[in-house]
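Contents: one structure, followed by commentary.
The values are calculated or read from the model by the stated rules, or taken from the named source; none is laboratory data. Since this is a predicted model, take the numbers as computed values, not measurements. Note: ideal-geometry Cβ built from the backbone for every residue, glycine included; neighbour counts use all protein chains shown.
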Amino acid sequence: MEGWGETMNAKERRKAQRVDVELPISISGGSAPAEGKTFNISTNGVYFESPRTIEPLTKVRMQLMVPVLEGGAEKEMGVSFEGIIVRSNIDKTDPNVVRYRIAVFFTHVPKVSQKMLDNFIKRRLSA
């Protein structure tokens with residue numbers, strides 16, 4: 001499909017709306033566990049910062065805490081999912097700190113986690 005990348009940008013290919021949000025995220029898979037923070041998330045994937053790189057096509061398990069409404073009060077609940085690394089780039093914004101920007105496509109999200117994630121994203125989009 002010659003020229004495909006030139007005529008269709010990343011935003012147009014996305015099927016799920018992303019919300020910009022900074023949440024702590026834990027990653028297992030690859031060479032060692034890591035902790036990071038999200039830049040944005042959707043129901044299909046997450047983009048986050050990590051102190052270590054994870055090679056593309058690596059299968060990972062992740063967990064993050066999202067604010068949920070329960071009984072009229074907001075509290076944090078764990079959302080877990082499995083995914084595959086689709087992009088890992090070094091962040092060169094600060095030459096003294098090594099960080100990586102990593103994108104993950106979700107391959108499995110348990111129903112309970114999917115519902116919490118859906119509700120969180122809907123609330124953020126309507127705010």
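For the reader, a short list of remarks on this structure follows.
- Residues of the stretch 90-103 satisfying the condition of being farther than 17 Å from ALA16 by Cα and within 17 Å of the chain's Cα centre (by Cα): ILE90, ASP91, ARG99, TYR100, ARG101, ILE102
- Note on the stretch 104-127: residues that are in contact with a helix residue (DSSP H, G or I) (Cβ under 9 Å, 6 or more places away or on another chain) and within 15 Å of ASP20 (Cβ to Cβ) amount to 0.
- Of the criteria (1) without any contact (Cβ under 8 Å) to a residue 24 or more places away in the chain; (2) within 21 Å of ALA127 (Cβ to Cβ); (3) surrounded by 13 or more Cβ atoms within 10 Å (Cβ to Cβ), which one ALA34 fails: (2)
- Residues that are farther than 14 Å from ASP118 by Cα, among the aliphatic types (A, V, I, L, M) and at pLDDT below 90, drawn from the stretch 57-84: ALA73
- Residue check: ARG123 meets all listed conditions (1) surrounded by 14 or more Cβ atoms within 10 Å (Cβ to Cβ); (2) in contact with a Lys or Arg (Cβ under 8 Å, 6 or more places away or on another chain); (3) over 25 Å from GLY29 (Cβ atoms) but one, namely (2).
- Selection within the stretch 15-49 - basic (Lys, Arg) and either in a strand (DSSP E or B) or touching a Leu at 6+ places or on another chain (Cβ under 7 Å) (or both): LYS37
- Inspection of the stretch 67-87 finds a residue satisfying the criterion of being free of Cβ contacts under 8 Å to residues at least 12 places away in the same chain and among the aliphatic types (A, V, I, L, M).
- Flag for THR53 being closer than 19 Å to SER26 by Cα and either in contact with a His (Cβ under 6 Å, 6 or more places away or on another chain) or modelled with pLDDT of 95 or more (or both): no
- Within the stretch 74-119, the set of residues being surrounded by 14 or more Cβ atoms within 10 Å (Cβ to Cβ) and assigned to a loop (DSSP other than H, G, I, E, B) comprises just one member, VAL109.
- The selection criterion, being of a type in the set (Lys, Arg), over 24 Å from ILE121 (Cα atoms) and either over 15 Å from the mean Cα position of the chain (by Cα) or not in a loop (DSSP other than H, G, I, E, B) (or both), holds for ARG52.
- Candidate set: the stretch 1-14, residues that are outside any loop (DSSP other than H, G, I, E, B) and among the basic types (Lys, Arg); chosen: the one modelled with the lowest pLDDT: LYS11
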